[in-house]
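One structure is given here, and the rest of the page talks about it.
Just so it is clear, none of the values below were taken in a lab; they were calculated from the coordinates. Nothing here was measured: the structure is a model prediction, and the numbers come from that model. Because the Cβ atoms are built from the backbone with ideal geometry, glycine has one as well, and the counts that use them run over all protein chains shown.
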Amino acid sequence: MRPLELHPNRLLPAGEEQRRVARQLFEAVEPLPLVSPHGHLDANLFLHNEPFADPAELLVTSDHYVVRLLHAQGVPLEALGIGRKEGTSQAVGGRQVWGNLCEHWGALASTPSRLWLEHELHELFGLREMPSPGNADATYEAACDRLATEELLPRSLYQRFGLEVLTTTDSPLCELRVHQELASDQTWRGRILPTYRPDELVDPSHPGFSASLARLAELTGIETDGYDGYLEALRSRREAFARAGATATDHGVPVTGTERLDPAELAGLFRRLSHGGGSSAEVEAFRGHMLDEMARMACDDGLVMQLHVGVVRDYVADTAATYGPDIGQDFPTRTDYIRTLRPLLSRYGDHPGFRLVLYTVDETTFAREIGPLVSYFPALFAGAPWWFLDAPDSMARAFSALGETAGLAKLAGFVDDTRSLCGIGARHDLARRVLCGYLSRLVCEHRLGIDEATEQATAFAYHRPKALFKV
Amino acid sequence: MRPLELHPNRLLPAGEEQRRVARQLFEAVEPLPLVSPHGHLDANLFLHNEPFADPAELLVTSDHYVVRLLHAQGVPLEALGIGRKEGTSQAVGGRQVWGNLCEHWGALASTPSRLWLEHELHELFGLREMPSPGNADATYEAACDRLATEELLPRSLYQRFGLEVLTTTDSPLCELRVHQELASDQTWRGRILPTYRPDELVDPSHPGFSASLARLAELTGIETDGYDGYLEALRSRREAFARAGATATDHGVPVTGTERLDPAELAGLFRRLSHGGGSSAEVEAFRGHMLDEMARMACDDGLVMQLHVGVVRDYVADTAATYGPDIGQDFPTRTDYIRTLRPLLSRYGDHPGFRLVLYTVDETTFAREIGPLVSYFPALFAGAPWWFLDAPDSMARAFSALGETAGLAKLAGFVDDTRSLCGIGARHDLARRVLCGYLSRLVCEHRLGIDEATEQATAFAYHRPKALFKV
Amino acid sequence: MRPLELHPNRLLPAGEEQRRVARQLFEAVEPLPLVSPHGHLDANLFLHNEPFADPAELLVTSDHYVVRLLHAQGVPLEALGIGRKEGTSQAVGGRQVWGNLCEHWGALASTPSRLWLEHELHELFGLREMPSPGNADATYEAACDRLATEELLPRSLYQRFGLEVLTTTDSPLCELRVHQELASDQTWRGRILPTYRPDELVDPSHPGFSASLARLAELTGIETDGYDGYLEALRSRREAFARAGATATDHGVPVTGTERLDPAELAGLFRRLSHGGGSSAEVEAFRGHMLDEMARMACDDGLVMQLHVGVVRDYVADTAATYGPDIGQDFPTRTDYIRTLRPLLSRYGDHPGFRLVLYTVDETTFAREIGPLVSYFPALFAGAPWWFLDAPDSMARAFSALGETAGLAKLAGFVDDTRSLCGIGARHDLARRVLCGYLSRLVCEHRLGIDEATEQATAFAYHRPKALFKV
């Protein structure tokens, strides 16, 4: 049996002097509230505030980071609780999924998922032993018991983490009733805000594009069979989101350019695309054009635009068809931000009302592209290292690259981007520690005074994302 | 005169605490036997077990890493012992080559070749002075004397390094007689296993492709003028290799895709290609298709597939024509692993009988492509940093990138990939030290306990490659 | 008020042992004279030796690194002193520009510009307080006063920095009168040498290409309406530059290949291009061809060739049209050095008279491309990390990547590449400290002895660039 401990200096650098400075910085940052302006939780969690059903479902099955790592050890998807869409086989139950986690616990070593899980198991579930085959049943049962307590109800977790605001990611077709109910709930003071993510409505290659357009028309009462109405309907939903508290949009479509299309051709092209026509080049061009439209609207309505690109999803088509999306088989691809964004930044990069946050899963772009771009355009900010890069060394490399090319002031601040409520505390804790480690090096190398380092730390961890995302 | 010393803490991190932990880890790893499941030595060395002729030939001329670095200082290839294929000029003798090494010893500073050479000169050749122009003759003669001793015979070196198994790389056209004789040699207990490397038989752009096909037919007794016979003959050689102890194949052809070709067109295409026809696009497509076939066979026969891609060889055509291959003028090129491997991984990435080890000379792919891919597909493993990246800082960066995206458990373990018998001990020593340095950081940052770090260290250095490569 | 101090150990690594070694190395390097074989100052500065007019113009407006970072904070270009080319608006005066610097001083934290400015303000301007909104007027006035003193005259700065030689960058159309007057000036012993930069004469897409050709003919007395005369005229200007002391050329055109064009077609192509004709593919091919011609001439006349590629300039066309070039809106793009340079290196890479220094703003090419290439070709050297990469951590990464793949001996040495006379001392100081930090790690990890590390440090900082650039 191995003890499960959270060392107070975990993730701070080795070396007496640097660790001391890092600790000092961390002490300034640790007590700050959390802002979570980008995430993927379901608002219903907070509305219903019911206990989570099963710890394995919560910590394994629904977390595609963990699913991916365990599947890589040869564990079948079913044995991780992932059911087939057409159920000819049965996914296994929580106890067995938990057993698989315990069995392969060692294989998670050196990954951030392991560090997050340790944090959650220790702090939320009260475990004091590392999971292992020998304690699988005992830890599963202990975790189940804890899940049933009030302490682990969604609203309790929100409070425990010191969250000030938490945003969800929502289709423009979402009516936002849950968000509205939460806003008017007098029994609770948490803030759960929606984020406008229009991918299915601006990417004609999205399955169900035509149906989504029809639903958009229905929802807004605006005809979407012409390009102008379509734009108007999209804008109308942005307004509805803003009224419901949204301050940002998010965009994850594949993008290779951001040229505006010829107005003379747009109407015809849109009509073809909305009926499932159009070449793949036209689909691509339209997607790029729509990013421009979204940026243009953002200049007007002030919603902060977020761009998440460079991921190929559902890599093995058969597996996606059988098991659905978000099961770990999404991978980075290359994006040339300099070339891709040139038209869009030429139009809006200096616009005082525009804010664009760029995320990447290709860390080579931090020093070569994103850092230089955000170091010139006032509208542009570098998003936190994301997904595969949301990890201690990756983050430290990103701080180093962006800090030198752009200055830390052009980093948008940490976002947890999570589907895991339990993980929010762990993710912010890790990021804050790594940040303080990076800054402690600058201090010890006499590149930055401790006062300014403290300001940079608290700005990145709290003040800047709060201001930038207007939450 | 500068002393040549091997500090016991060489390559371990500075900083008292981290060095102490690294030392502790290294002490667990150092005594483990070596497994060398990927290399380029000639099996005859061990069959005949004769003394090496000349230290300069051994340490300089036959090591293209060293040739490259000395040539970059302006030393002509002839002066490094590289003869012209059509001998109008004469390569110089060992004493002069050694003199050139001594002359430019300082130019090797900061390269891994320098560290390996220091290790070999100190441990095998008993030198206690750094080579320099002033001691060129004396060190050359001392080295010659040592080479003549029994201690430096190939079998003695095998034993001295603690090798448990060592593999060669062989054409399917190789009859493996040497391997068979070694296997039945009662006077020696070393294991020298072949590896199946079919590049010349699956890449129609290879010079002598047609002749190789004819030789394949002759060797197997299977007609290779049709596609089916060709496949059958390749499979038959895989079986012969497996019977001779092979557990792996290696593939180094240029590859831009792995789509299977239309069965209806394959027969005709193969016939054209085997007669020197076919467009360059067809050659490329065929190479990709044949990777698929090799993977398919690997699922059946269990040979571990290794993919070494992303190198442009014989960069200056004239120089290659004059001096031949492997003289240091090979360079990395870019490979998009995500896109290239999608068809192949979609077919076999989940196959329980399949194992694919990916090597790269483009370190940007560790975090962006290889780490994410191996973190999902059970069949896939990340190969050790290779060639230009087989160096302390490069290795540490690879551990960092792969450790976070995939977990160390998805690293295939160290392979020395060497053409230099003398260097095997030095290369494993260096890699093990760097590994322990990386892990000591995780321990000192409280990201991993010392027990688990020790397990990870011994797994990477010994247990995992032994199990993964089935040696 | 925050004190402005230059710590004696600034930029040296944390950790007692490593810092001590770094300090020891730095003490060997610090007193060495500066050589500055690549820069962008105006030779007139030294001829007239007049006081600089305004500290804000000097340290902000004329430094596009600083302009970029302040513009990224939302400061309009006019408010940084950048005037419109067609002056409908007025750029603000020095005091206001300085005020903007003070206002956003914190936003420069973690950038090298901040470190350089701190150095200059402390050492040259005698400030002992960090700029801030509260001291903007006082510090501006203090700086103005200092600028008027003899100590800050251009020739005094040259002397103060310990410069041995400083080169400018000049069009072949420059008559070099200023350089000649300086050379024959008996009152001063500084060396200001020109560098031949023919971009406007070898890139047909350059605005005014035809006019430049006409001017070239006029200057040389050689007809440039045919290809042979054009080449001859270019060669003649190289000779004139060499007579004026030039030892190098510099090339910054976009380049995607270096194939020589068919001689039979060159005459006709050149004629078309010189009259503004030719497709963009032809323009591109011609630029590549002209790099070959420049390399060929370099083999003859011994001018060191420098290649600066991979930058897209004047990103927002409207902004460039309004405010001109060099205002911070230039960004890295990707260059494939392996493929692009293959023809050129195949021809000249082994030529004993040829030297080519490669610069990049894409750090991924250090380990993948530039390091491997310079580790084979005797003619080739890796240029210092440049522009966005001229920063502490970026430099350390470059040393690490190039040191392992090529050996430090293949680094051309530091060049400041600056437009800012005041910054030269600061830039060399920073680079030397980072170099010593890197080397101290090798020493403390027992990868290099302190003697050799000292040799490597002094070579990189002084001896190698002096020898390599023949200054």
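Some points to look at:
- Mean shadow area of region C:1-61, taken as a quarter of the surface of its Cα convex hull (nm²): 7.6 nm²
- Note on region A:52-149: Rg/Rh from Cα positions, Kirkwood definition for Rh, rounded to two decimals, is 0.95.
- Taking every Cα-Cα distance in region B:422-471 and sorting them into 5 Å bins starting at zero, the pair-distance distribution P(r) comes out as 5, 21, 23, 22, 17, 8, 3, 0 percent.
- In chain B, excluding the sites themselves, the longest stretch lacking any of the GluC sites (Glu not before Pro) that are in a DSSP loop with at most 16 other Cβ atoms within 10 Å is B:260-471.
- Here is how far apart the C:Q90 label points are across copies: 8.4, 8.4 nm, shortest first, using a point 7 Å from Cα toward Cβ.
- Principal axis dimensions, region B:228-336 - Cα atoms, whole angstrom, descending: 40, 35, 28
- Against the compact-protein benchmark of 2.2 N^0.38 Å, the Cα-based radius of gyration of region C:148-300 scales to 1.21.
- Calculated [θ] (222 nm, deg cm²/dmol) that DSSP helices of n ≥ 4 give over chain C, each run adding -39,500 (n - 2.57): -13500 deg cm²/dmol
- Legend: Rg and Dmax of region C:53-95, from Cα coordinates, 9.9, 26 Å.
- Whole-number D in µm² s⁻¹ for region C:282-355, Kirkwood Cα-pair radius fed into Stokes-Einstein, 10 °C, 1.306 mPa s: 110 µm²/s
- Working value for region A:78-200: equivalent-ellipsoid semi-axes of 31, 22, 15 Å, each the square root of 5 times a Cα gyration tensor eigenvalue, largest first.
- With its label point put 7 Å out from Cα toward Cβ, B:E232 sits 7.2, 7.2 nm from the same residue's point in the other copies, in order from shortest.
- D_trans [Stokes-Einstein, Kirkwood Rh over alpha-carbon pairs] for the protein assembly as shown, 4 °C, 1.567 mPa s, µm² s⁻¹: 38 µm²/s
- Cα-based equivalent ellipsoid of region B:97-162: semi-axis lengths in Å, sorted from largest, via gyration tensor: 22, 15, 8
- Remark: mean inter-chain Cβ contacts per residue of C:362-369 equal 6, using a 10 Å Cβ-Cβ cutoff to other protein chain atoms.
- Long pairs among C:K410/C:K466; B:K85/C:K410; A:K410/A:K470; B:K410/B:K466, criterion Cα-Cα beyond 25 Å: B:K85/C:K410
- Here B:R160 yields copy-to-copy label distances, from shortest upward, of 6.1, 6.1 nm, the label point defined as 7 Å from Cα along Cα to C-beta.
- Once the Kirkwood radius over Cα pairs is known for region C:1-120, the Stokes-Einstein relation at 20 °C and 1.002 mPa s delivers a diffusion coefficient of 124 µm²/s.
- In units of the rule-of-thumb radius 2.2 N^0.38 Å, chain C shows an alpha carbon radius of gyration of 0.99.
- If you plug the beta carbon distance of B:R177 and A:A138 into 1/(1 + (r/R0)^6) with R0 = 45 Å, you get a FRET efficiency near 0.15.
- Inter-chain Cβ neighbour average for residues B:14-25, partner chain, 10 Å: 4
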